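Novice: Once you've had a glance at the structure underneath, I'll fire off some questions.
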Amino acid sequence: MKKLAQQLLKPISIYPLVYFRILFGLLMFCEGVGAVLINWVQEHYVEPTYHFGYIGLEWIRPLPGYGMVYVYLLMALLGFLMMVGWRYKLSSFLFFLLFGYGFFSEKTHYLNHHYLIWLISGLMVLLPAHQKLSWDVQRQPELETEVAPQWTLWLFRGQLLLVYFYAGVAKLQPDWLAAKSVSIWLAAKTHFYVIGPYLNTPAMIQLVVWGGVVFDFLIGFALLWPRTRMVAFWVAFAFHIFNSAVFHVGVFPYFMIAANVLFFSPEQIARWFFRKDVDPQALQHLPLRQPGWQQRLGVQFFILYLGWQLLFPLRHFFIPGDVNWTEEGHRFSWRMMLRTKRGTVTYLVKDAATQRQETVFPNRYLAKEQLKELPKHPDMIWQFAQFLKGEYKRQGMQEPEVYAVSRLSLNGYPRHPIVDPNVDLAAVPYTWGAKSWVTPRPEADGWPWQKRMTAEAERQ
């Protein structure tokens with residue numbers, strides 16, 4: 001452990017942190033402004049009258065009216081301030097809080113890359129990326145330094161390596177290898193200019209399927225090894241540009257390209273982007289700015305943070321059921337581009353006292369994107385049932401029972417219910433892990449849960 005701490009605290013050039021501060025701030029400026037200009041913020045925060053919070057964090061609610069538009073514009077400004085290094089600690093901390101606020105106040109649009117950006121923005125708060133080439137140094141020259149502890153760079157590298165690797169682990173499943181979801185996606189892209197006719201071909205489909213597996217598993221390690229680093233970087237560059245052109249995933253591909261540069265040596269980054277020749281041997285004699293206790297705390301944080309990132313994405317392996325169907329353990333696990341779900345859900349509300357019942361169509365309350373995501377996620381189906389329970393109580397129904405009638409197709413397979421239509425969701429408490437009211441994924445020879453229910457009904 002002592003040798004590990006010595007390596008992590010080894011002084012390296014601060015230029016990689018400066019480079020990433022500038023690129024990250026610029027991309028976050030573009031993300032904030034772009035989300036408003038293309039009406040993404042308006043569609044996800046302003047238009048909906050009901051919002052799906054993360055269970056346990058439902059108290060985090062979006063601002064009313066156009067409040068979230070101003071939040072995103074403020075985030076854009078904070079991104080610019082991070083880029084130039086003005087009041088860096090304050091601006092990066094506020095960006096971290098505001099981005100997290102937007103992320104956790106509405107889970108309908110959960111994206112892995114939003115989660116990654118939030119994590120990275122939190123890491124940026126802790127790192128001395130403002131101690132060179134910043135407005136803060138102009139105001140306080142005593143802040144300037146040439147070195148940073150090595151763990152600050154390896155923190156980013158470790159995070160990126162885990163993102164890539166777990167994306168590869170997630171693809172080792174029958175549906176991905178059989179190109180179920182890929183075929184559906186590429187078939188919908190044939191109208192694209194120039195590249196469209198080539199996307200929905202057997203060769204391209206197999207290239208995406210197997211290329212995706214090989215890329216995700218190997219690219220992080222190839223970026224770590226100096227002999228393959230340059231080739232790996234350009235392969236990753238092409239991969240992310242392809243994703244940007246075909247799947248339109250916002251700023252994420254460019255964020256990953258910028259972050260992949262951090263796998264190069266600090267001396268190369270200093271020379272390429274700042275035209276500085278750095279002698280790594282000379283840096284070994286320069287003292288780190290942080291006091292000893294901060295250095296020890298940094299090493300402990302490095303180990304704990306990457307340990308958590310290593311273990312937390314594995315939780316779905318300990319939860320019964322297919323995660324692609326049940327969604328248990330899907331979020332925050334780097335399970336990217338794995339499944340296509342299409343479905344519908346309606347609700348039957350019954351008054352237990354009078355036996356009056358009413359069919360409720362969610363489009364009375366939800367926006368377009370929410371209607372699209374609702375049938376895919378059992379937790380959202382449950383949350384909306386709780387909302388309807390409260391709504392009908394306010395209307396005078398004394399004992400409302402809420403049943404969900406759902407039909408869902410996963411990766412092009414026939415539609416089936418994802419929740420048991422005979423369970424009163426208004427009376428079911430939410431529990432973490434497997435849930436009895438969520439049906440197992442259909443199998444080729446029929447649904448075991450349906451067979452059990454039919455057999456029980458016949459016995460009665």
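Novice: In straight Cα distance, which aspartates and glutamates are under 17 Å from Lys389, not counting same-chain residues fewer than 8 positions off?
Specialist: Glu58, Asp351, Glu358, Asp379, Glu399, Glu401, Asp424
Novice: Sticking with this one: Write down, largest first, the equivalent ellipsoid semi-axes of region 387-445 in whole Å, where each equals the square root of 5 times an eigenvalue of the alpha-carbon gyration tensor.
Specialist: 28, 13, 9
Novice: With all pairs of different alpha carbon atoms counted, what Kirkwood hydrodynamic radius in Å does region 157-202 show? All intermediate terms of the calculation are to be shown ahead of the outcome.
Specialist: Details: mean 1/r = 0.0807 Å⁻¹.
So the Kirkwood estimate lands at 12.4 Å.
Novice: Hey, could you get me the Stokes-Einstein D for region 240-304, Kirkwood radius over alpha-carbon pairs, 25 °C and 0.890 mPa s, rounded to whole µm² s⁻¹?
Specialist: Calculated translational D: 161 µm²/s.
Novice: Follow-up. Not counting the cut sites, what is the longest span of the chain without GluC sites (Glu not before Pro) that DSSP labels loop and that have at most 16 other Cβ atoms within 10 Å? Provide the component values of the computation, followed by the final result.
Specialist: Details: sites that count: Glu58, Glu144.
That gives 145-460 as the longest site-free run.
Novice: Probe of 1.4 angstrom, ligands and nucleic acids ignored: what's the accessible area per residue over region 246-357, in square angstrom?
Specialist: 52
Novice: Follow-up question, since we're still on this one. State in Å² the accessible area per residue of region 1-114; use a 1.4 Å probe, count heavy atoms of protein chains only, and round to the nearest integer.
Specialist: Each residue of region 1-114 exposes 43 Å² on average to a 1.4 Å probe.
Novice: Taking all protein chains in place and a 1.4 Å probe, what share, in percent, of the accessible surface of the chain do carbon and sulfur account for?
Specialist: Heavy-atom surface of the chain belonging to carbon and sulfur, 1.4 Å probe: 63 percent.
Novice: For Phe263, what accessible area in Å² do you get when you roll a 1.4 Å probe over the heavy atoms of the protein chains, rounding to the nearest 10?
Specialist: 0
Novice: Still on this structure, please answer the following. Leaving ligands, DNA and RNA out of it, work out the accessible area of Phe217 with a 1.4 Å probe and give it in Å² to the nearest 10.
Specialist: Surface open to solvent at Phe217 totals about 50 Å².
Novice: Need one word for region 207-277: rounded, prolate or oblate. Basis is the Cα gyration tensor (sqrt eigenvalues a ≥ b ≥ c); a/c below 1.5 gives rounded, then a/b vs b/c decides.
Specialist: Verdict is oblate for region 207-277.
Novice: Could I ask something else about it? So what's Rg/Rh here for region 1-119, counting alpha carbon atoms and using the Kirkwood radius for Rh?
Specialist: Here Rg/Rh amounts to 1.08.
Novice: Once the Cβ-Cβ distance between Met230 and Phe361 is put in as r, and R0 is 60 Å, what FRET efficiency do you end up with, to the nearest 0.05?
Specialist: The calculated FRET efficiency here is 0.60.
Novice: Would you mind estimating how fast region 100-183 diffuses translationally, via Stokes-Einstein at 37 °C and 0.692 mPa s with the Kirkwood radius over Cα pairs, in µm²/s? Could the numbers behind the result be given before it?
Specialist: Numbers: Rh = 16.2 Å.
The Stokes-Einstein estimate is 202 µm²/s.
Novice: Give the residue list of chymotrypsin sites (Phe, Trp or Tyr not before Pro) in region 374-446 that are DSSP loop and have at most 15 other beta-carbon atoms within 10 angstrom.
Specialist: Filter output for region 374-446: Tyr430, Trp432.
Novice: Local charge sum around Asn112 (other residues, Cβ-Cβ under 14 Å, Lys/Arg +1, Asp/Glu -1)?
Specialist: Values: positive: Lys107, Lys171, Arg331, Arg335, Arg339; negative: Asp216, Glu327.
With Lys, Arg at +1 and Asp, Glu at -1, the net is +3.
Novice: Running Debye on region 1-54 with equal point scatterers at the Cα sites and no solvent, what base-10 log of I(q)/I(0) appears at q = 0.21, 0.24, 0.32 Å⁻¹?
Specialist: Each listed q maps to, in turn, -0.85, -0.94, -1.07.
Novice: Would you mind computing Rg(Cα) / (2.2 N^0.38 Å) for region 320-362, counting N as its residues?
Specialist: Details: Rg = 16.7 Å, N = 43, 2.2 N^0.38 = 9.2 Å.
Ratio of Rg to 2.2 N^0.38 Å for region 320-362: 1.82.
Novice: I would also like to ask the following. Based on the Kirkwood radius over alpha-carbon pairs, what value in µm²/s does the Stokes-Einstein equation return for the translational diffusion coefficient of region 137-267 at 37 °C and 0.692 mPa s?
Specialist: Taking Rh from Cα pairs, D becomes 196 µm²/s.
Novice: Follow-up question, since we're still on this one. Name the trypsin sites (Lys or Arg not before Pro) in region 273-309 that are in a loop by DSSP and that have at most 10 other C-beta atoms within 10 Å, would you?
Specialist: The qualifying sites are Arg275.
Novice: Take each uninterrupted DSSP H stretch in the chain, measure its Cα extent along the helix axis, and return the ones at 15 Å or beyond whose mean Kyte-Doolittle hydropathy is at least -0.5.
Specialist: In the chain, the long hydrophobic H runs are 15-37, 67-84, 88-104, 112-126, 151-170, 202-224, 226-247, 292-311.
Novice: Quick check: pseudo-label points 7 Å beyond the Cα along Cα→Cβ at Gln284 and Gln140, how many nm apart are they?
Specialist: If labels sit at Gln284 and Gln140, their model points lie 3.1 nm apart.
Novice: Report the net charge of residues surrounding Val423, where surrounding means a beta-carbon distance below 11 angstrom and charges are Lys +1, Arg +1, Asp -1, Glu -1. Could you put the intermediate results ahead of the total?
Specialist: On the way: positive: Lys435; negative: Glu401, Asp420, Asp424.
It works out to a net charge of -2.
Novice: While we're on this one: Looking at the chain from every direction and averaging, what is the projected area of its Cα convex hull in nm²? Could you put the intermediate results ahead of the total?
Specialist: Values: hull surface 105.7 nm².
Its Cα hull, projected and averaged over all orientations, spans 26.4 nm².
The values are calculated or read from the model by the stated rules, or taken from the named source; none is laboratory data. Everything numeric in this text was worked out from a predicted model, so none of it was measured. Glycine gets a Cβ as well: all are built from the backbone with ideal geometry, and neighbour counts include every protein chain shown. The protein model used for the area step is the full one, side chains on, heavy atoms only, and it has no ligands, DNA or RNA in it. Shrake-Rupley method; radii C 1.70, N 1.55, O 1.52, S 1.80 Å.
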